[in-house]
Amino acid sequence: MKTTILLPLHRSHRWKSALIDQVRELQQVAELVVSDATENDDTLAALRGEFGDAPRITWLGRRPLADGWRAHANDLIGHVSTPYLMWHSHDDHIGVDWITAAEAVLEEKRDVVAACGPVRSFDDVEPARRLVLDVPSFVELSDSRERIAAALAALLSGRPADLGVLYRSVVRTSAVRPLPPGITDDQYSDVLWALSLVERGPIGRMDAWYTKRWHADSAHSQWTTWDARSPALREILINQLSTADLQTVVDAWTVDASLFNAAIESVRLEERASAAAALASLRDDFERSRSWRITAPFRRRATGRRPSS
């Protein structure tokens, strides 16, 4: 097996049945590390009871780790001995083709550091709530400066999902860095990690799908909205780049400035249009008023008495 799937659990009881099916499917093509560092419920015990000492599955139970999903995910990196790895969420689903297609990309394209396909929501949600997140084309760019600048531009224009999708990648173990601290606590740690992945090299795109649940109880749903205008964000992004090329940052900030100026102009135009509409409405109301109609004859007489120039 060439890939290890890291499967961190936390209060996963509601997904237990789906997890049993997922482990059974994926053990055909990958090593699995199934972990519950708190064991607040019986999910890990139930899975272990189902599969016992099955080959290619490592079981990790309660142990002292820092709070939060990031510490748990980082701890699992140390249990990987295969050339490739990926993190897999307990409430999501992938088929064996996610692994086999990724391995094919990584074997064929020796310059790429990871392989990723689009992420879509489960079909059991209402059609209006179904989502598809594609892998952005800029991650394939061979020029590192262009690739990083495009990634920064995506983040600075309010598109963190462009990088967030990459957290589902199958990655060369040699290219994996630990998840960094988030914007606040663990928030958007996956996005910042993806920025470091893009810095390491291009990512190969594949056709296999990752199926994700977006729901109110997920960690991500508790996060604050990505604030692309935050000055602190810019410092965090620069610090995240281990080899922050000045020209790359300048390029990204130039795009950022143009976006900001465009936003300002848009607001100005909206304000002008709104003000013009408000004045027109006031004028219509005024001209329809009783006082305006009554004084019309006097205004005409006054106009007629104006001296000629």
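Condition (residue is among the acidic types (Asp, Glu) and either over 23 Å from the mean Cα position of the chain (by Cα) or over 22 Å from VAL170 (Cα atoms) (or both)) applied to the stretch 8-21: is it met by at least one residue?
Yes; the residues of the stretch 8-21 include at least one that is among the acidic types (Asp, Glu) and either over 23 Å from the mean Cα position of the chain (by Cα) or over 22 Å from VAL170 (Cα atoms) (or both).
Between a residue in the stretch 36-49 that is farther than 18 Å from ARG70 by Cα and open to solvent by less than 60 Å² (accessible area, probe 1.4 Å) and any residue that is modelled with pLDDT of 95 or more and β-branched (Val, Ile, Thr), which pairs come within a Cβ distance under 9 Å, given they are 6 or more apart or on different chains?
Correct list of pairs: LEU44/VAL34; ALA46/ILE20; LEU47/ILE20; LEU47/VAL23; LEU47/VAL34; LEU47/ILE57.
Is it fair to say ALA151 is more than 24 Å from LEU76 (Cα to Cα), in contact (Cβ under 8 Å) with a residue 40 or more places away in the chain, in contact with a Pro (Cβ under 9 Å, 6 or more places away or on another chain) and in a helix (DSSP H, G or I)?
Working: more than 24 Å from LEU76 (Cα to Cα): yes; in contact (Cβ under 8 Å) with a residue 40 or more places away in the chain: yes; in contact with a Pro (Cβ under 9 Å, 6 or more places away or on another chain): yes; in a helix (DSSP H, G or I): yes.
For ALA151, the condition - more than 24 Å from LEU76 (Cα to Cα), in contact (Cβ under 8 Å) with a residue 40 or more places away in the chain, in contact with a Pro (Cβ under 9 Å, 6 or more places away or on another chain) and in a helix (DSSP H, G or I) - is met.
Output the residue which, of all residues in the stretch 125-175 that are modelled with pLDDT of 90 or more, among the hydrophobic types (A, V, I, L, M, F, W, C) and open to solvent by 30 Å² or more (accessible area, probe 1.4 Å), is nearest to the chain's Cα centre (by Cα).
ALA161
This table checks each residue for (1) of a type in the set (Gly, Ala, Ser); (2) at pLDDT below 95; (3) open to solvent by 30 Å² or more (accessible area, probe 1.4 Å); (4) farther than 16 Å from ARG11 by Cβ.
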{"site": "GLY52", "(1), (2), (3), (4)": "yes, yes, no, yes"}
{"site": "PRO55", "(1), (2), (3), (4)": "no, yes, yes, yes"}
{"site": "THR58", "(1), (2), (3), (4)": "no, no, yes, yes"}
{"site": "ARG63", "(1), (2), (3), (4)": "no, no, yes, yes"}
{"site": "TRP69", "(1), (2), (3), (4)": "no, no, yes, no"}
{"site": "ILE77", "(1), (2), (3), (4)": "no, no, yes, yes"}
{"site": "VAL80", "(1), (2), (3), (4)": "no, no, no, yes"}
{"site": "PRO83", "(1), (2), (3), (4)": "no, no, yes, yes"}
{"site": "HIS88", "(1), (2), (3), (4)": "no, no, no, yes"}
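Could we say that HIS79 is in contact with a helix residue (DSSP H, G or I) (Cβ under 9 Å, 6 or more places away or on another chain), in a loop (DSSP other than H, G, I, E, B) and within 25 Å of ASP185 (Cα to Cα) here? Outline the logic, then answer.
Working: in contact with a helix residue (DSSP H, G or I) (Cβ under 9 Å, 6 or more places away or on another chain): no; in a loop (DSSP other than H, G, I, E, B): yes; within 25 Å of ASP185 (Cα to Cα): yes.
Judged against the criteria, HIS79 is not a match.
The values are calculated or read from the model by the stated rules, or taken from the named source; none is laboratory data. Since the structure is predicted, the reported quantities are computational estimates derived from the model, not experimental observations. As a convention, Cβ positions derive from the backbone with ideal geometry for all residues, glycine included, and neighbour counts pool all protein chains shown. Protein only, heavy atoms only, side chains kept; ligands, DNA and RNA dropped before computing areas. Shrake-Rupley method; radii C 1.70, N 1.55, O 1.52, S 1.80 Å.
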